[in-house]
Amino acid sequence: MEIEKEVKIILSEKEYHNILNNVHIVKNINQVNHFFDTTNFNLYNKKSAFRIREQDGNIIMTLKAQKHRDNGVTVSEEYNEYLDDFKRGDLRFCCKVEFIV
């Protein structure tokens with residue numbers, strides 16, 4: 001388990017381009033995020049998220065659970081699992097599983 005501390009800042013388009021034009025980008029990273037939730041957004045409503053990320057040839061499965069917010073900083077527990085057996089493009093929708101509780 002990892003602890004993530006995250007700050008999100010809303011920028012105007014002008015502010016975004018100003019930063020983009022004045023920061024030296026060392027490396028571009030291509031990542032694709034696949035988020036999963038129930039039709040009723042049960043994870044989101046519990047301040048949690050389940051994601052599979054494709055980045056730099058790796059596939060990482062992540063479960064995040066927000067612990068608290070403190071002065072605009074969100075602190076979350078994050079569980080990551082690298083899926084070494086997958087390769088980029090291997091992810092496919094295979095089935096829909098519904099739970100009736």
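Hey, any hits in region 46-53 for a residue that's exposed (fewer than 10 other Cβ atoms within 10 Å of the Cβ), more than 15 Å from the chain's Cα centre (by Cα) and at pLDDT 90 or above? No, the conditions are met nowhere in region 46-53. Leu43 meets all of the listed conditions (1) aliphatic (A, V, I, L, M); (2) closer than 20 Å to Ile3 by Cβ; (3) part of a strand (DSSP E or B) but one, namely (3). Within region 27-37, the set of residues being part of a loop (DSSP other than H, G, I, E, B) and either in contact with a Leu (Cβ under 7 Å, 6 or more places away or on another chain) or free of Cβ contacts under 8 Å to residues at least 24 places away in the same chain (or both) comprises Lys27, Asn28, Asp37. Considering only region 7-26, I want to know if a residue exists there that is among the aliphatic types (A, V, I, L, M), surrounded by fewer than 10 Cβ atoms within 10 Å (Cβ to Cβ), under 23 Å from Gln66 (Cβ atoms) and in contact (Cβ under 8 Å) with a residue 60 or more places away in the chain. Among the residues of region 7-26, at least one is among the aliphatic types (A, V, I, L, M), surrounded by fewer than 10 Cβ atoms within 10 Å (Cβ to Cβ), under 23 Å from Gln66 (Cβ atoms) and in contact (Cβ under 8 Å) with a residue 60 or more places away in the chain, which makes the answer yes.
The values are calculated or read from the model by the stated rules, or taken from the named source; none is laboratory data. Computed from a prediction, not measured in an experiment: that's the story for all the values here. Reconstructed Cβ throughout: ideal geometry from the backbone, glycine too, with neighbour counts over all protein chains shown.
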